[in-house]
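What follows is a single structure, written as structure tokens, with notes after it.
Throughout, read-outs are computed from the coordinates displayed, never taken from laboratory work. Computed from a prediction, not measured in an experiment: that's the story for all the values here. As a convention, Cβ positions derive from the backbone with ideal geometry for all residues, glycine included, and neighbour counts pool all protein chains shown.
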Amino acid sequence: MTIIIDPFVNVYYASFYIRGLIERFGNASLTFHNAPFRSLQNRTSCFNFVIRQNGKSTNVTIDAGDFDTIDHSCYQWCDIYGKVNTNWEKTPKSGFPKIVSLAPGFGIRIWNLQQTMYYAIANLLKTGNISGSRKFIGKYKRQFSLRLPVEAYTPEPAQGKYIFHVSTLWQNDEYNQNDERVNIPRANFMEVCKSLPEINFEGGFYYSGTHPLNERFKDFVFHGYMSPETYLQKTKASTVVFNTPAFWNCHGWKLGEYLALGKAIISTPLSNALPEPLMHGENIHIIHHNRDEMDQAIRLLLHDTSYRHKLEQGARAYYLRNAAPERSISLLGI
């Protein structure tokens, strides 16, 4: 068995699935080579690899991007098209039979420092794109320094009535209505948490400063730096967590992280499909963009320990069944 990975791979986004391949087939099976991918128009938009076994080759694409559209060049090239943000209304199964719906993963650290440096330099040389070396190597640097190994994403008991939420304040414009769908629900959640005297709330919005700051959010800007380790520990300690579809209505990395951590998730309705639906009352608590409903959900999960534990156990079970790295690979039928 040989697995050939395109050296142009965006390792920051593909790390979760590379780990899945390592778990399923072993690190010795993986190699990076250009030859099978030369016909692809954009070799960084998806994670592309070839499985060769017993004289047979299977071309596989994993599209973990934010958009519900597909990359037609990759779709024509591959035999299996794993898609995180599947939207069966826009890409019906009858017209796109290669698509396999995947749950959201998240960026992880997959190699130690020496291995990361080796793969960064070796794959850069294989791409021949020396002029883009800074950006290319930067993705390996971010994957190592800003992400943690998947082993770190294990459940731990929540700490009392502590709630933590830090997320990106997305730019809102005429094309992508992030305020209505993402920013305002998140601000409402933080506002409700702050209004409840029994809650110790910590968090806010990361604001890049690259776009005008809406007055609605000025009191929620999170100042300062938080390490990945601290962010993860505070998320583990949070009694409940809050999820919304993120940029372009996608399944954000937060959803994948929350499922892995076995958190009690309050979420607005999801926009895209999953390999198995998340069920209200079983592994997630769905609310709409309604502050009263949000207030009721937070109070419910704070005080109904049995229900909260049910959601926590259901979330972790869903992750192991549908979203863990090796499971994401096996769902592709390989």
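Odds and ends about this structure:
- Mean separation of Cα contacts under 8 Å, 6 or more apart, over the residue count of the range 152-322: relative contact order %: 25 percent
- With the helix formula -39500 (n - 2.57) applied to DSSP H stretches of n ≥ 4, the chain reaches a computed 222 nm mean residue ellipticity of -11000 deg cm²/dmol.
- Only Lys, Arg, Asp and Glu carry charge here, each on its Cβ (+1 for the first two, -1 for the last two); on that basis the chain has a dipole of about 1140 debye about its Cα centre.
- Projecting label points 7 angstrom from Cα along Cα→Cβ for residue 148 and residue 80 puts them 3.0 nm apart.
- Net +/- balance of residues flanking residue 6 in space, Cβ distance below 11 Å, scoring K and R +1, D and E -1: +3
- Between residue 206 and 167, 168, 169, 222, the built amide H atoms are under 5 Å apart, and every one of these is 5 or more places off in sequence or on another chain.
- Exposure proxy order (Cβ contacts within 10 Å, fewest to most) of 244, 305: 305, 244
- Qualifying trypsin sites (Lys or Arg not before Pro) in the range 28-88, where qualification requires a DSSP coil assignment and no more than 10 other C-beta atoms within 10 Å, comprise 38.
- Fewest-first ranking of 240, 221, using other Cβ atoms within 10 Å as the exposure measure: 221, 240
- Cα centroid separation, the range 291-334 to the range 210-287: 12 Å.
- Calculated Rg and Dmax of the Cα atoms in Å (choose from (1) 20.4, 65; (2) 19.5, 60; (3) 21.6, 70), label: (1)
- Two-site FRET efficiency, residue 137 against residue 306, from Cβ-Cβ distance with R₀ of 51 Å, rounded to 0.05: 0.55
- For the range 19-84 versus the range 95-129, the inter-centroid distance based on Cα atoms is 10 Å.
- J(HN,Hα) series, the range 14-21, from Karplus relation 6.51 cos²θ - 1.76 cosθ + 1.60, nearest Hz, glycine and proline x: 8, 4, 4, 7, 4, 4, x, 5
- Förster radius 45 Å - calculated FRET efficiency between residue 296 and residue 54, Cβ distance, rounded to 0.05: 0.20
- Inter-label distance for residue 320 and residue 33, nm, one decimal - labels placed 7 Å from Cα along Cα-to-Cβ: 3.8 nm
- Nearby lysines by direct alpha-carbon distance to residue 135 (threshold 29 angstrom, same-chain neighbours under 8 apart not counted): 83, 126, 254
- Length-normalised contact order of the chain in % [C-alpha pairs under 8 Å, at least 6 apart]: 19 percent
- Chymotrypsin sites (Phe, Trp or Tyr not before Pro) lying in DSSP loop within the range 183-267, provided at most 10 other Cβ fall within 10 Å: 225
- Residues 131, 195, arranged from fewest to most other Cβ atoms within 10 angstrom of their Cβ, appear as 131, 195.
- Net charge of neighbours whose Cβ lies under 11 Å from the Cβ of residue 300, counting Lys and Arg as +1 and Asp and Glu as -1: -1
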